[in-house]
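Below: one structure, written as structure tokens.
The values are calculated or read from the model by the stated rules, or taken from the named source; none is laboratory data. Everything numeric in this text was worked out from a predicted model, so none of it was measured. For neighbour counting, all protein chains shown are included, and Cβ atoms are generated from backbone atoms with ideal geometry for every residue, glycine included.
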Number of protein chains: 2
Amino acid sequence: MPMSGALLTDHYELTMLEAALGSGAAHRRAVFEVFARHLPHGRRYGVVAGTGRVLDAIEGFRFGAAELDFLRRGRVVDERTLEFLASYRFSGDVHGYGEGECYFPGSPIMVVDGTFAEAVLLETVVLSILNHDSAVASAASRMVRAAGERPIIEMGSRRTHEGAAVAAARAAYLAGFASTSNLMAGSLYGVPTAGTAAHAFTLLHDSEHDAFQAQLDFLGTGTTLLVDTYDVAKAVRTAVELAGPSLGAVRIDSGDLAASAHEVRRLLDGLGATGTRVVVTGDLDEYAIAALGAAPVDGYGVGTSVVTGSGAPTASMVYKLVAREDAAGTLQPVAKQSVGKPSKGGRKTAFRELEDGVAAGELVTTVPGCATPAGTRPLLRPLVRGGVVVGREPLDEARERHLASVAELPKDAHHLSAGDAAIPTVFT
Amino acid sequence: MPMSGALLTDHYELTMLEAALGSGAAHRRAVFEVFARHLPHGRRYGVVAGTGRVLDAIEGFRFGAAELDFLRRGRVVDERTLEFLASYRFSGDVHGYGEGECYFPGSPIMVVDGTFAEAVLLETVVLSILNHDSAVASAASRMVRAAGERPIIEMGSRRTHEGAAVAAARAAYLAGFASTSNLMAGSLYGVPTAGTAAHAFTLLHDSEHDAFQAQLDFLGTGTTLLVDTYDVAKAVRTAVELAGPSLGAVRIDSGDLAASAHEVRRLLDGLGATGTRVVVTGDLDEYAIAALGAAPVDGYGVGTSVVTGSGAPTASMVYKLVAREDAAGTLQPVAKQSVGKPSKGGRKTAFRELEDGVAAGELVTTVPGCATPAGTRPLLRPLVRGGVVVGREPLDEARERHLASVAELPKDAHHLSAGDAAIPTVFT
């Protein structure tokens with residue numbers, strides 16, 4: 001039996017639902033907010049990603065026969081709860097930061113407003129998506145800044161879960177990567193895909209000469225030849241000898257990439273292949289990319305570090321109840337009060353404060369219906385209204401939004417060194 | 001149109017296939033091996049996980065109409081290649097370490113033997129699965145050792161990609177975790193699921209008293225009450241007052257967990273609830289678990305750190321061509337030869353050397369058909385024969401294999417401090 005995404009959920013969401021259906025509180029209106037208490041260590045900004053995938057998940061969140069059967073057989077919840085789940089549809093409202101927007105500690109990245117029963121069930125899948133995708137996009141954005149005008153190919157699929165790989169390719173693209181190696185990301189999300197050959201292709205043939213010849217014959221002279229299987233200098237000479245000066249690119253995947261890039265550039269130029277590009281890959285992260293800034297490199301391929309968030313594989317976002325109706329039907333702010341894991345009660349709205357077009361602060365207010373203050377732009381946009389998705393957009397819009405949002409940040413937001421959030425979050 | 005997993009693949013696997021079909025080398029017999037050049041920094045051993053999922057992926061690796069249509073429209077490969085893909089079935093052999101087995105640098109974790117065309121296409125999905133699942137299992141195993149007899153619940157779904165969460169729950173379970181919060185892992189893999197309530201449930205009700213009462217009424221007195229929403233001591237008193245001494249457990253999720261556990265244990269005992277267990281959660285990793293060893297804790301819940309591999313979110317495994325037929329049809333060892341990224345050519349077999357039942361070395365040999373040397377046990381088992389999966393097994397077998405494999409390691413394998421691999425890898 002095919003499964004929907006409704007079991008991508010923590011057991012306790014369902015037991016809470018069961019007990020709340022029992023107490024009657026399940027039908028109280030409730031507002032949950034997604035936010036991060038802090039950025040990963042030393043990061044200056046985070047990037048919201050996954051919003052589009054969250055909308056898909058909410059729309060597809062249904063308990064069908066297969067799911068209900070599992071829950072019944074496992075005695076996860078009682079019959080009353082199963083009945084509720086059988087007709088479950090999220091019928092509330094969701095607002096959120098636009099996908100690609102920069103965020104800061106305490107930014108109310110997503111606001112889910114419904115009954116407790118409807119909204120609590122979405123916690124796990126909403127967080128899974130936003131935490132993963134935002135972690136990747138946040139790392140990717142730093143790499144894109146470090147690379148300047150040079151394009152980066154995302155090629156980390158093999159270093160992360162096969163499904164996460166697809167989402168990672170999407171997140172890296174919206175943060176500014178040029179393309180991905182992941183074909184499913186091309187198919188599902190329209191991310192441009194790229195790739196030519198690995199060492200195995202060269203080793204498969206009886207000589208590097210034969211391998212290059214085969215690649216040129218069947219993929220064309222515009223292809224990228226991998227030149228570090230045996231001897232780099234010899235490979236470059238073979239490559240130009242076979243392809244002529246119209247060879248698209250050569251790729252170096254090991255050794256001292258900066259030294260190799262200089263050597264290969266000199267060789268190529270000496271052989272008249274002045275238009276042949278030099279692409280480097282191999283355990284690159286934002287620091288290695290920045291360090292290669294002065295090397296004659298035309299493009300980067302990045303794998304492990306981007307799909308694992310470059311040291312921060314999760315964005316540490318949480319989904320917290322910030323307001324709910326009391327017995328009298330009045331919406332009341334709520335928050336955990338004991339030591340540790342601070343949060344602020346009350347439904348929030350947020351604005352980015354701008355001074356001469358430069359971001360100066362993140363204004364977060366609990367004032368209901370607050371108009372956009374002068375000198376700010378609003379950050380929350382409607383995503384779901386009365387259960388209907390209204391915020392879906394092409395991935396390229398998120399990509400453009402990110403470009404605009406990051407361009408607006410103060411200059412020190414782009415320092416790779418560890419530091420504080422680029423702008424302060426001000427709660428009012 | 002529904003998709004198979006065949007596009008969970010890097011673009012270059014298909015362009016290599018295209019060029020190799022052109023050169024004719026595509027049909028050469030080829031042996032690829034999965035291994036890790038090193039363990040994550042300071043780790044003493046790794047744990048193979050994902051094998052069962054790899055078998056599912058190989059079985060389901062088919063290019064249907066949807067996949068072919070995408071590849072044609074995107075001009076990823078030519079018509080000859082599309083034709084090959086349309087009838088693609090892996091018809092070769094796969095051997096591999098048993099799932100749950102410990103591994104070391106250079107261990108030939110999986111050996112894929114087929115034509116180049118058939119075997120190269122599996123690279124990305126095989127590595128995605130093994131790299132992710134092994135990273136999680138390797139971290140989980142250390143946590144299980146640190147926890148001793150105390151059970152650990154995996155509850156990190158919200159901190160990782162929603163699909164990765166399911167695989168992570170599976171991997172943590174086979175490495176010794178007692179249960180998971182992830183319902184899909186329960187449904188797909190039979191991992192026991194667990195969970196009761198979050199702070200939101202307490203905050204939803206008009207008082208902690210009302211929330212606890214509702215939870216006890218509908219989930220029974222055997223439930224776990226979360227006691228750190230307001231004041232821990234007050235919550236414990238309320239809990240025992242309402243549930244009596246048969247209360248199953250209380251959970252502490254913030255603050256100084258050791259101090260809190262002592263305080264809560266004293267309170268519970270003073271109230272006569274001597275059988276009520278104390279469960280702690282909240283940013284635990286293997287070090288925090290070990291540090292709580294002397295605290296009166298009955299169980300742990302672990303989230304972020306296990307699903308992100310506790311600092312090592314990927315196992316750094318690679319899939320390398322180690323042998324292939326030459327033009328004369330003879331299988332020849334091959335290996336990349338330039339500086340960096342070392343690998344050893346030739347198809348390998350591996351044995352664990354034992355001295356008085358304690359692992360002493362990882363013997364890796366390229367001698368064809370090598371008999372099991374005295375004082376060792378063989379590590380490779382058949383997984384696929386002639387394209388047919390023969391190595392499928394229940395998840396509990398992997399769990400038992402891990403228990404036996406880890407018990408066999410020398411004592412210093414269990415040190416949490418950074419160190420070298422617990423046993424040396426010897427190549428012969």
Completion exercise
(1) outside any strand (DSSP E or B); (2) within 7 Å of chain A (Cβ to nearest Cβ) all hold for residue B:14 apart from (2)
Handout entry: Qualifying positions in the range A:156-169 - touching a residue at least 40 places away in the same chain (Cβ under 8 Å), facing another protein chain (nearest Cβ under 7 Å) and not charged (D, E, K, R)
Key = A:157, A:160, A:164, A:165, A:167
Exercise for the section: Quick one: residue B:224 ticks every box in (1) more than 15 Å from the chain's Cα centre (by Cα); (2) within 8 Å of chain A (Cβ to nearest Cβ) except a single one, so which number is it? Expected result: (2)
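For every residue, the table says whether it meets (1) within 30 Å of residue A:410 (Cβ to Cβ); (2) within 30 Å of the chain's Cα centre (by Cα).
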{"residue": "A:14", "(1), (2)": "no, yes"}
{"residue": "A:26", "(1), (2)": "no, no"}
{"residue": "A:48", "(1), (2)": "yes, yes"}
{"residue": "A:58", "(1), (2)": "no, yes"}
{"residue": "A:65", "(1), (2)": "no, no"}
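Does residue A:336 meet the test of being under 25 Å from residue A:13 (Cβ atoms), more than 12 Å from chain B (Cβ to nearest Cβ) and at pLDDT below 95? Spell out how you get there, then give the answer.
Details: under 25 Å from residue A:13 (Cβ atoms): yes; more than 12 Å from chain B (Cβ to nearest Cβ): no; at pLDDT below 95: yes.
No.
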Practice task
Consider residue A:172 carefully, then state whether it is under 20 Å from the mean Cα position of the chain (by Cα) and either farther than 15 Å from residue A:312 by Cα or without any contact (Cβ under 8 Å) to a residue 24 or more places away in the chain (or both).
Solution key: no
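Across the range B:72-131, which residue is surrounded by the most Cβ atoms within 10 Å (Cβ to Cβ) among those that are acidic (Asp, Glu) and in a loop (DSSP other than H, G, I, E, B)? Let's see the steps before the verdict.
Of all residues in the range B:72-131, those acidic (Asp, Glu) come to B:78-79, B:83, B:93, B:99, B:101, B:113, B:118, B:123.
Filter once more, keeping what is in a loop (DSSP other than H, G, I, E, B): B:78, B:99, B:101.
Numbers: B:78: 17, B:99: 30, B:101: 25.
Here the residue is B:99.
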Practice task
May I ask you to say which residue of B:28, B:53, B:44 is under 30 Å from residue A:206 (Cβ atoms), of a type in the set (D, E, K, R) and either modelled with pLDDT of 95 or more or surrounded by 19 or more Cβ atoms within 10 Å (Cβ to Cβ) (or both)?
Solution key: B:28
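Within the range A:27-71, take every residue that is among the aromatic types (Phe, Trp, Tyr) and in a loop (DSSP other than H, G, I, E, B) and give me the one that is farthest from the other protein chains (Cβ to nearest Cβ). Give the steps one after another, and end with the answer.
Pass one, the range A:27-71, residues among the aromatic types (Phe, Trp, Tyr): A:32, A:35, A:45, A:61, A:63, A:70.
Then drop every residue that is not in a loop (DSSP other than H, G, I, E, B), which leaves A:45, A:61, A:63.
Values: A:45: 20, A:61: 11, A:63: 11 Å.
Checked the range A:27-71; the qualifying residue farthest from the other protein chains (Cβ to nearest Cβ) is A:45.
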Fill in the blank from the handout: Of the residues in the range A:197-214 that are in contact with a Phe, Trp or Tyr (Cβ under 7 Å, 6 or more places away or on another chain) and in a helix (DSSP H, G or I), the one that is farthest from the other protein chains (Cβ to nearest Cβ) is A:208
Exercise for the section: Examine the range A:396-415 for a residue that is without any contact (Cβ under 8 Å) to a residue 24 or more places away in the chain, basic (Lys, Arg), in the same structural domain as residue A:117 (by TED's automatic domain parsing) and surrounded by 15 or more Cβ atoms within 10 Å (Cβ to Cβ), and state whether such a residue exists. Expected result: no
Completion exercise
Scanning the range B:231-248 residue by residue, those within 13 Å of chain A (Cβ to nearest Cβ) and either closer than 13 Å to residue B:269 by Cα or within 30 Å of the chain's Cα centre (by Cα) (or both) turn out to be B:233, B:236
Problem - Only listed residue being within 15 Å of residue B:391 (Cα to Cα) and among the polar types (S, T, N, Q), chosen from B:115, B:81, B:124, B:51 - result: B:51
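Return the residues of the range A:378-393 that are part of a loop (DSSP other than H, G, I, E, B) and among the charged types (D, E, K, R); say none if nothing qualifies. Don't jump to the end; show me each part of the working.
First, pick out the residues of the range A:378-393 that are part of a loop (DSSP other than H, G, I, E, B): A:379, A:386-387, A:390-393.
If the condition is that a residue be part of a loop (DSSP other than H, G, I, E, B) and among the charged types (D, E, K, R), then A:392, A:393 are the ones that fit.
Select the strands (runs of 3 or more DSSP E) contained entirely in the range A:281-368, then report the ones holding at least 1 residues which are charged (D, E, K, R) and buried (at least 19 other Cβ atoms within 10 Å of the Cβ).
Those strands (runs of 3 or more DSSP E) span A:317-325, A:349-355, A:358-365.
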